1. Given (1) within 18 Å of the chain's Cα centre (by Cα); (2) in a loop (DSSP other than H, G, I, E, B), where does residue 57 come up short, assuming only one miss?
2. May I ask you to list the residues in the range 71-110 that are within 15 Å of residue 41 (Cα to Cα) and polar (S, T, N, Q)?
3. Which residue is modelled with the lowest pLDDT, if the candidates are limited to the range 104-143 and must be among the β-branched types (Val, Ile, Thr) and under 26 Å from residue 65 (Cα atoms)?
4. Give me the residue from the range 47-61 that is crowded, with 16+ Cβ neighbours inside 10 Å and in contact (Cβ under 8 Å) with a residue 24 or more places away in the chain and, out of that set, farthest from residue 30 (Cα to Cα).
5. Give me the pairs, please: first residue somewhere in the range 105-128 and closer than 24 Å to residue 59 by Cβ, second residue anywhere and part of a loop (DSSP other than H, G, I, E, B), beta-carbon distance under 6 Å, and either six or more positions apart or on two chains.
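The values are calculated or read from the model by the stated rules, or taken from the named source; none is laboratory data. Predicted model, so just to flag it, every value in this text is computed and none were measured. Glycine also receives a Cβ, built like all others from the backbone with ideal geometry; neighbour counts cover every protein chain displayed.
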Amino acid sequence: MRPASFILSLLLFLHANTALAQSIFELRYQEAGTESNMYNAFLVANESGTGFVRVHFLSPVDQQKILVEMTSTLEFVTDANGETDTTQFFYKTSNPIIIKGNAQALLPAMEFWFKVNALTKLAEPAFVKIATTSNGGQSAALLASTLLSTESMNKELL
């Protein structure tokens, strides 16, 4: 193999590996100010701004376990001047598909909000906004969040 071909192949290989970068979070939350259902979410965020979320929860009707998968899309926030706010962003969910449980279960659209930590300069989960018909959205209390490594993945999360 010629040196130029080898270098080009190496660069393409390295670029392909960086193009597949992703962050994986485990989040636990429930609607703020209520004793409502606890949600456990598994959020996969690709570097491209796309991803998916799997949410485990119990049906409020019969307490049956439900697993729903939704696509997620990265959205940026604009400030009052129309400028992009670089300190926060969110993943908006859509296209829910019931993987396990009652086919009649309804899961409203959700937004998973992140804010940049001023000390670490890393984006961290801040809160979850659950769509409601009455007020356009309601915040959920984020009880726990974990940035997962490949080694910590298990069947329960997936």
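1. All conditions pass for residue 57, except number (2).
2. 71, 72, 93, 94, listed by residue number.
3. 133
4. The extreme case among them is 51.
5. Matching pairs, first to second residue: 105/59; 108/131; 109/131.
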